[in-house]
Amino acid sequence: MKLSVVTLFPEMFSALTDWGISGRAVKEGIVVLNYFNPRGYAKDKHRSVDDKPFGGGPGML
């Protein structure tokens, strides 16, 4: 099984891949996890992934 995850924090998934039943599945090659960090595709020097608020309000919903 191949799973792809889009996340800003790929290191957070080490709890799933290093321990327990899910960790054994990853180590045995039953499950393959791919991580995509959106910051790797950012074009500005700060690698920001946020956008400005829409609708003129103080935040996004």
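Where a number appears in this text, it was derived from the coordinates with a stated rule and is not lab data. Given the structure is predicted, the values throughout are model-derived calculations rather than measurements. So basically every Cβ, Gly included, is an ideal-geometry build from the backbone, and we count neighbours across all protein chains shown.
What the table shows:
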item: Label-point separation in nm, residue 3 to residue 17, each point 7 Å along Cα→Cβ; result: 1.2 nm
item: HN-Hα J in Hz across the stretch 13-24 - Karplus 6.51, -1.76, 1.60, θ = phi - 60°, x for Gly and Pro; result: 7, 5, 5, 7, 8, 9, 9, x, 5, 5, x, 5
item: Amide H within-cut-off set for residue 5, under 5 Å, with H built and near neighbours excluded; result: 34, 35, 36
item: Extension gain (nm, one decimal) between residue 49 and residue 35, 0.36 nm per residue minus Cα-Cα; result: 3.4 nm
item: Cα-based radius of gyration of the stretch 2-41 once divided by 2.2 N^0.38 Å, which approximates compact folds; result: 1.20
item: Cross-link reach list, aspartates and glutamates versus residue 43, counting only Cα pairs under 17 Å and skipping chain neighbours closer than eight places; result: 51
